[in-house]
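Comments concern the structure below.
The values are calculated or read from the model by the stated rules, or taken from the named source; none is laboratory data. Everything quoted here is computed from the prediction, not taken from an experiment. Here the Cβ is made from the backbone with ideal geometry for all residues, glycine too, and neighbour counts use every protein chain on show. To get the accessible areas, we keep the full protein, side chains included, count just its heavy atoms, and leave off ligands, DNA and RNA. Shrake-Rupley method; radii C 1.70, N 1.55, O 1.52, S 1.80 Å.
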2 protein chains.
Amino acid sequence: MSNPMKAAIIGGGVIGGGWAARFLLNGWDVIVSDPDPEAERKVGEVLANARRSLPALSDVTVPKEGKLSFATSLAEAVADADWIQESAPERLDIKHAVFAEIQAHCREDALIGSSTSGFKPSELQQGAARPEQIFVAHPFNPVYLLPVIELVGVQETVERAKEVLENIGMKPLIVRKEIDAHIADRFLEAVWREALWLIKDGVATTQEIDDVIRYGFGMRWAQMGLFETYRIAGGEAGMRHFIAQFGPCLSWPWTKLMDVPELTEELTNMIADQSDAQSGMHSIRELERIRDDNLVAMMRALKGRNWGAGELLNQQDARIKPSLPTDVDAPFTTLERVIPIDWMDYNGHMNESRYGQVFSDAGDVVMQMVGADPDYIAGGLSYFTVSNEIGYLSETHLGDVIHVRTQVLEARGKKLRLYHEMMRTADGELLATCNQLLLHVSLETRRTCEPEGEVLTRITALGEAQSKLPKPASMRD
Amino acid sequence: MSNPMKAAIIGGGVIGGGWAARFLLNGWDVIVSDPDPEAERKVGEVLANARRSLPALSDVTVPKEGKLSFATSLAEAVADADWIQESAPERLDIKHAVFAEIQAHCREDALIGSSTSGFKPSELQQGAARPEQIFVAHPFNPVYLLPVIELVGVQETVERAKEVLENIGMKPLIVRKEIDAHIADRFLEAVWREALWLIKDGVATTQEIDDVIRYGFGMRWAQMGLFETYRIAGGEAGMRHFIAQFGPCLSWPWTKLMDVPELTEELTNMIADQSDAQSGMHSIRELERIRDDNLVAMMRALKGRNWGAGELLNQQDARIKPSLPTDVDAPFTTLERVIPIDWMDYNGHMNESRYGQVFSDAGDVVMQMVGADPDYIAGGLSYFTVSNEIGYLSETHLGDVIHVRTQVLEARGKKLRLYHEMMRTADGELLATCNQLLLHVSLETRRTCEPEGEVLTRITALGEAQSKLPKPASMRD
């Protein structure tokens, strides 16, 4: 897409702010409409959290952040939006009024998603000018990290919405029938009720309930969910065996689910006090950052396993087509990325080996520039790195945005010598350098040989354009 | 403890096998009693899974694995056991018979835990010779990885049980009142019921339900549980605000919880078929290993954050007192560990930097041997590593048990030179070597200086004993 896509965010609270961040950090322009005079500050806070975590999930150069603006009217916000996301308060009359104004001013082909956790699309669509345009797009907090989105609505509309969301790295799930609370909130609701009973009856505290979840089945659910976990419990005999073995328990009088505990002031106090004892030593801002760091670390751990949320991250990295440098009359930028939490040593420094990884990734970009891409490699030819001479100049910190500037020192025949400078983007400080020697090889004979065809032409041209340039300053020091 | 502790495992299925593995890999001797002729094979399979995952959670030398044996009678198994764990089928009459036989032959001070997921201690204790000896110790599959244990029973007994379990790295939670299904299974039960309705009503498939969990709230629960997550949702206004905002939803008619879907053959087939479509491409054994690798990777990710299950792992590492080498007339073993999944590169090799970490850890053990421990360092003196010359000799694989053999080449004044050999324990293959130079420094002046007092005496003696030894063979090559 040449022009950036445009999202209108109606309601800029934690959820709306999360949507704004998700779109912005995927290169969309975002315009926010919210009558709250504090909206700009609130969205800014969510965005600050998102900037330090979402891009760190990626291992490729992520899209350039889009433009954020704030509308003076809802009409202005939605006028030319491709996606309009409503995150207004959970009252049907408010939502109806918002949709009426949106549809009076938006494009007819715009997608209008609602963040509602409780209402069905048929309820949201009541009295709408174009009912089929409105659908449920229910996200989970933090919206900028958790990928799942429940989509409910008219088939053709939600199919279009699904494609858009997949392109910004999310995991849209089309719900097959509209029901109150969609899918996930029915589970959350059931667990919440049980938890209230356990506290009211003095069986467990908020801390104990959280511990039984996070030291136990929460770890299972983060990567396999409910049924795949139980499939294992059933053993080789499978799901049928599991149901035969555990199904009957369902009729046991275990739960108090049929009843709803009254949220008296006493019960509310009990929960609030226990929660203070458990988590009161951290501010909400601290808790948010702890949570985000945990999620990034766990999702990147699953990325290494190519499983679940981690598989999705790998797919998203593969989806992002690198915009290869075209102006090669000067050293060019080969890589831009955020330093993620799992690259840090116990002492808080970036692990030494990751410098090698950054420069190896930068070298790969040069390969792609000259057409030595996966197809070329599949044809039996490639470049091998023979040596990396790395200079460590300054400390790299968690969350630093860094970029690599590369110059081709020599490109003749089978020999390719690159010089990379890794810099902190914020202040331009030079963090490390790498003098990298690559040789072109035949994967068949395992010997060096000249590149072939288009690759030879392009690498030679690149070498001629670059090798005449003055040596990088850091190399002359 | 000089003599290893002894656990008797009554019932050697997946749960009993998991308990056996948890005890064995923490240095306990384990004796299994199970009439099933397949018990030895079944326990062996669980143990194989445990050996490749549990030790990899640790970053210190873990205890030597205990002895595993199989009893010909229950009486023989429990005779001198410190902990007896009953994992018999979930029928009260069977459990009563098992407890009667256990108590007829076990020590009066033995701890008798039951893995029951449904029965209350008062039910288990009916008719027992010493009711107070029997308590619920309810684990979660896989028992060798998930740390949480629900303890229910007589206060004094469960307090003793808690201490034992903490010593083997678990997270025991004493449940304040006995109720059917303890705590966790009430949640699991509530979610299971909802899931059955969603499938029966055609709202979602097993795959879709698993995805909504693992791409969404499952990730939140794995690290913060329910209440801490909602505390964040409430914002700075806290838990009270959250309840005021979301509490009322409880009376909405969202769920079908009051009703239990009948597990007809049709519903059972529906679930089993969906589960086959979702996971049938993997055998149960494959799924177990995928799950375990995911759990290890995620738990180690949380270990880096020192949070939740990861904080527990750090505590357990700190609890394990290294058994320092005492025989120094020959090169000595400084470190033994398993190569964990997060040390692997994308290409399946151990990341280069981890060799440096292994040798740095080995050097730390020598520091501890001579008394240059955290107290000494707090007093302002320490050793700094000046150079590591690492030779990479052979590939290190995921799950390899490796050990490091160290020789002191020189220990004179402020100078200490160590030579480390890292070997794969299974076949003795030399994987890497390190010639390590350390200098003793004052942390105050940041200059080198002689060690003081006891440390000087001991490092000098160690140097004298070791430097006369022939140089290691790998050094002479």
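The table for this structure:
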{"read-out": "Under 24 Å from the Cα of A:LYS415 - lysines, other chains or at least 8 residues apart", "value": "A:LYS468, A:LYS471"}
{"read-out": "Bridge type composition, chain B - antiparallel percent by DSSP, nearest 5", "value": "65"}
{"read-out": "Prolate/oblate/rounded label for the stretch A:323-476 (Cα gyration tensor, a/c 1.5)", "value": "prolate"}
{"read-out": "For the stretch A:308-367 versus the stretch B:117-141, the gap between their alpha-carbon centres in whole angstrom", "value": "55"}
{"read-out": "Sequence-separation-based contact order of chain B, relative, with Cα cut under 8 Å and 6+ spacing, percent", "value": "11"}
{"read-out": "Evaluated at q = 0.06 Å⁻¹: base-10 log I(q)/I(0), Debye formula over Cα of chain B", "value": "-0.37"}
{"read-out": "Accessible surface of B:ILE183 - all protein chains present, 1.4 Å probe, nearest 10 Å²", "value": "10"}
{"read-out": "Order by protection proxy (mean Cβ within 10 Å, highest first), peptides B:458-466, A:414-422", "value": "A:414-422, B:458-466"}
{"read-out": "Proportion of all alpha-carbon pairs of the protein assembly as shown beyond 46 Å (%)", "value": "36"}
{"read-out": "Phi-based couplings in Hz for the stretch B:86-96 (Karplus 6.51, -1.76, 1.60; Gly and Pro marked x)", "value": "8, 10, 6, x, 6, 10, 4, 5, 4, 5, 4"}
{"read-out": "The stretch A:6-182: Cα Rg divided by the 2.2 N^0.38 Å rule of thumb", "value": "0.95"}
{"read-out": "GluC sites (Glu not before Pro) restricted to the stretch A:70-131 and DSSP loop, no more than 12 other C-beta within 10 Å", "value": "A:GLU108"}
{"read-out": "Cross-link pairs B:LYS64/B:LYS414; A:LYS42/A:LYS171; B:LYS303/B:LYS414; A:LYS177/A:LYS321; B:LYS162/B:LYS303; A:LYS67/A:LYS95 - those with Cα-Cα distance over 29 Å", "value": "B:LYS64/B:LYS414; B:LYS303/B:LYS414; A:LYS177/A:LYS321"}
